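For reference, the structure is listed below as structure tokens.
The values are calculated or read from the model by the stated rules, or taken from the named source; none is laboratory data. Because the structure is a prediction, the values reported are computed rather than measured. Virtual Cβ from ideal backbone geometry, glycine too; neighbours counted across all protein chains shown.
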Amino acid sequence: PQLDQQSVLITGGASGLGRAIVARFLAEGAHVTILDRNADALAEMEREYEGRVAGLIGDVRSLAANEAAVSLACDRFGKLDCLIANAGIWDYDVSLVDLPASAIDAAFDELFSINTKGSLLAMKAATPALVRATGSIILTLSNAAFYPGGGGMLYTASKHANLGLMRQAAYELAPSVRVNAVAPGAIATNLRGLATLGQDKRAIGSDLPLEEYLKVGVPLARLPDVAEFTGAYVLLASRKDGAVATGAVIQIDGGIGVRGLAGVSGGTSLAERFAE
Ligand code: NAD
């Protein structure tokens with residue numbers, strides 16, 4: 001196990017990517033505390049992983065909730081080695097011209113308060129304990145932290161902002177605490193839209209043909225399973241393999257940044273050419 005006896009706090013750990021990270025970190029020997037607003041899923045996970053997972057029902061928009069989650073991790077597991085700021089929502093690609101004038105203020109506040117302020121508050125709450133443990137922070141970004149078209153104006157801006165949070169914190173907290181990020185591409189999860197725009201019952205994984213998008217849109221040409229994203233978090237959390245990483249981003253999105261013009265993938269005929 002690569003994370004033996006680490007105490008890890010993850011926000012948004014009750015579903016999707018966060019839940020897969022919890023399962024992987026437990027398999028690597030860690031204890032996990034989860035801050036999430038989904039009470040039912042938290043209760044289910046505490047039953048499933050009895051004694052190794054502690055759940056706190058709360059909203060990442062509250063500093064008090066983030067502080068309570070850090071206290072829970074320290075009380076239950078004796079310390080805090082790693083914070084994963086992962087909770088987030090999406091905006092269903094809503095464009096500048098389509099953002100309704102009547103809802104633009106509330107929509108901006110909702111998305112930025114969860115995605116960006118939520119990450120800032122978790123980092124604020126966790127830093128004293130992380131300094132004591134010489135620990136690390138990992139932010140979940142997105143392809144939208146680098147490229148347009150993976151969300152609308154609000155989501156793309158929030159993920160670019162979170163890249164800034166990561167870099168500034170990596171500077172400010174060095175050499176005590178390493179701060180890095182993972183920027184995944186599309187994953188079929190329950191990722192929700194904005195309540196202020198009536199999108200909060202929709203989930204990206206069941207609502208959009210992600211498999212079709214990725215088949216033609218990225219060089220690796222397939223929709224990965226959520227578990228395939230978790231190794232990047234293990235690497236960055238590891239005191240051995242991640243020891244030299246701070247201010248780094250692992251971009252795992254099927255190759256959005258290396259798309260070609262004549263064809264998305266340059267090597268589509270290679271398997272045939274080298275077949276034995
Ligand atoms: P998900 O909805 O399956 O999981 C997100 C979790 O966060 C849920 O359990 C939800 O209850 C929780 N959450 C949301 N708002 C919260 C709040 N205000 N307070 C407390 N908990 C809250 O979605 P996911 O796809 O697993 O998203 C996890 C992260 O991955 C997000 O930051 C998202 O932006 C990022 N991401 C997702 C994709 C994708 O295609 N699904 C791609 C790139 C990045």
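Laid out as a table, the results:
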{"read-out": "Members of the range 170-208 found to be closer than 30 Å to residue 128 by Cα and surrounded by fewer than 16 Cβ atoms within 10 Å (Cβ to Cβ), listed by number", "value": "171, 172, 174, 175, 176"}
{"read-out": "Unique residue being farther than 14 Å from residue 12 by Cβ, more than 15 Å from the ligand (Cβ to nearest atom) and of a type outside the set (A, V, I, L, M, F, W, C) when the list is 49, 155", "value": "49"}
{"read-out": "Single condition residue 113 does not satisfy, out of (1) surrounded by fewer than 23 Cβ atoms within 10 Å (Cβ to Cβ); (2) closer than 23 Å to residue 235 by Cα; (3) within 10 Å of the ligand (Cβ to nearest atom)", "value": "(2)"}
{"read-out": "Test: residue in the range 62-70 that is more than 17 Å from the chain's Cα centre (by Cα), near the ligand (Cβ under 9 Å from one of its atoms) and closer than 24 Å to residue 164 by Cβ", "value": "yes"}
{"read-out": "Number of positions in the range 209-264 that are surrounded by fewer than 18 Cβ atoms within 10 Å (Cβ to Cβ), touching a Phe, Trp or Tyr at 6+ places or on another chain (Cβ under 9 Å) and over 16 Å from residue 184 (Cα atoms)", "value": "1"}
{"read-out": "Residues being more than 21 Å from residue 267 (Cβ to Cβ) and within 11 Å of the ligand (Cβ to nearest atom) - total across the range 208-220", "value": "2"}
{"read-out": "Top-ranked residue in the range 1-39 [being more than 14 Å from the ligand (Cβ to nearest atom) and in a strand (DSSP E or B); ranked as nearest to residue 114 (Cα to Cα)]", "value": "8"}
{"read-out": "Test: residue in the range 127-139 that is farther than 30 Å from residue 3 by Cα and part of a loop (DSSP other than H, G, I, E, B)", "value": "no"}
{"read-out": "Residue 156 vs. criteria modelled with pLDDT of 95 or more, within 26 Å of residue 188 (Cα to Cα) and buried (at least 20 other Cβ atoms within 10 Å of the Cβ)", "value": "yes"}
{"read-out": "Any hit, the range 72-92, residues being of a type in the set (Ser, Thr, Tyr), in a helix (DSSP H, G or I) and more than 10 Å from the ligand (Cβ to nearest atom)", "value": "no"}
{"read-out": "Condition met for residue 42 (more than 18 Å from the chain's Cα centre (by Cα), over 19 Å from residue 230 (Cα atoms), among the aliphatic types (A, V, I, L, M) and within 13 Å of the ligand (Cβ to nearest atom))", "value": "no"}
{"read-out": "Qualifying positions in the range 137-148 - within 13 Å of the ligand (Cβ to nearest atom) and either surrounded by 21 or more Cβ atoms within 10 Å (Cβ to Cβ) or over 17 Å from the mean Cα position of the chain (by Cα) (or both)", "value": "138, 139, 140, 141, 142, 143, 144, 145"}
{"read-out": "Evaluation of residue 178 against (1) within 12 Å of the ligand (Cβ to nearest atom); (2) of a type in the set (Lys, Arg); (3) in contact (Cβ under 8 Å) with a residue 60 or more places away in the chain (one fails), failing number", "value": "(1)"}
{"read-out": "Positions within the range 28-52 being touching a Leu at 6+ places or on another chain (Cβ under 9 Å) and either free of Cβ contacts under 8 Å to residues at least 24 places away in the same chain or surrounded by fewer than 23 Cβ atoms within 10 Å (Cβ to Cβ) (or both), in sequence order", "value": "28, 29, 42, 49, 52"}
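Condition check ((1) without any contact (Cβ under 8 Å) to a residue 12 or more places away in the chain; (2) of a type outside the set (D, E, K, R); (3) outside any helix (DSSP H, G or I)) across all residues:
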{"site": "223", "(1), (2), (3)": "no, yes, yes"}
{"site": "242", "(1), (2), (3)": "no, yes, yes"}
{"site": "257", "(1), (2), (3)": "no, yes, no"}
{"site": "271", "(1), (2), (3)": "yes, yes, no"}
{"site": "275", "(1), (2), (3)": "yes, yes, yes"}
